[in-house]
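Engineer: Here it is, the structure in full.
The values are calculated or read from the model by the stated rules, or taken from the named source; none is laboratory data. If you're wondering where the values come from, they're calculated on a predicted model, not measured in any experiment. A quick note on method: Cβ atoms are made from the backbone with ideal geometry, for glycine too, and the neighbour counts reach across all protein chains shown.
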Amino acid sequence: MELVVRLATSADAPAIARIHNEGIADRIATFETEPRTVAQVAAAMAEKGDRYPTIVVARDGEVVAWAGAGPYRNRHAYAGVAEHSVYVARSARGAGAGRAALEGLCRAYAERGFWKIVSRIFPENVASLALHERCGFRVVGVYQRHGRLDGAWRDCVIVERLLA
């Protein structure tokens, strides 16, 4: 089955919300605990505009993965650094959709003049850590007790990739 990588449109908001909500429910991908609505996803995409596009990956016409980013910090010195997330539908995990989404995101952001893309990953999320390593990210360090999820402190592995 061929994977199609493309820029997301507002019509993809329902699929992006569904996939994101699976990641929220799994409790190993994000500090977020409240499911996203389609309206929230559509509004966030519109707010980010073309500067911070979302990438989707479709298999047989169905969106099965997405990657998106936003500003790392507001300071001008960091204008070329983006902080990203990547999510894959449970039904598509381990089939290359995450890699396609992440590589597509890196290409799109390099085209927009970004020089670096970063993220924070829970140490327990070994699939995401392996994905990022396969996509050329390096581990920078670990934030200890970076935040609480369901009342428990969580560490975060910091990863980065320099863009061409």
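Engineer: Please find, among 107, 112, 134, the residue that is without any contact (Cβ under 8 Å) to a residue 24 or more places away in the chain and surrounded by fewer than 18 Cβ atoms within 10 Å (Cβ to Cβ).
Structural biologist: Among 107, 112, 134, only 107 is without any contact (Cβ under 8 Å) to a residue 24 or more places away in the chain and surrounded by fewer than 18 Cβ atoms within 10 Å (Cβ to Cβ).
Engineer: Continuing with this model, one more query. So which residues in region 23-46 are under 14 Å from residue 125 (Cα atoms) and not basic (Lys, Arg)?
Structural biologist: 23, 24, 25, 26, 28, 29, 30, 31
Engineer: Can you pull out the strands (runs of 3 or more DSSP E) entirely within region 1-113 that have at least 3 residues that are closer than 18 Å to residue 136 by Cα and at pLDDT 95 or above?
Structural biologist: Per the criteria, 62-71, 81-88.
Engineer: A further question on this structure: Within region 17-44, track down each residue that is in contact with a strand residue (DSSP E or B) (Cβ under 6 Å, 6 or more places away or on another chain) and of a type in the set (Gly, Ala, Ser).
Structural biologist: If the condition is that a residue be in contact with a strand residue (DSSP E or B) (Cβ under 6 Å, 6 or more places away or on another chain) and of a type in the set (Gly, Ala, Ser), then 23 is the only one that fits.
Engineer: Have a look at 69, 95, 127 and point out the one that is among the small types (Gly, Ala, Ser), closer than 20 Å to residue 20 by Cβ and buried (at least 20 other Cβ atoms within 10 Å of the Cβ). Steps first, please.
Structural biologist: Values: 95 fails: buried (at least 20 other Cβ atoms within 10 Å of the Cβ); 127 fails: buried (at least 20 other Cβ atoms within 10 Å of the Cβ).
Result of the check over 69, 95, 127: 69.
Engineer: Could you pull out the residue among 87, 78 that is surrounded by 17 or more Cβ atoms within 10 Å (Cβ to Cβ) and of a type in the set (Ser, Thr, Tyr)?
Structural biologist: 87
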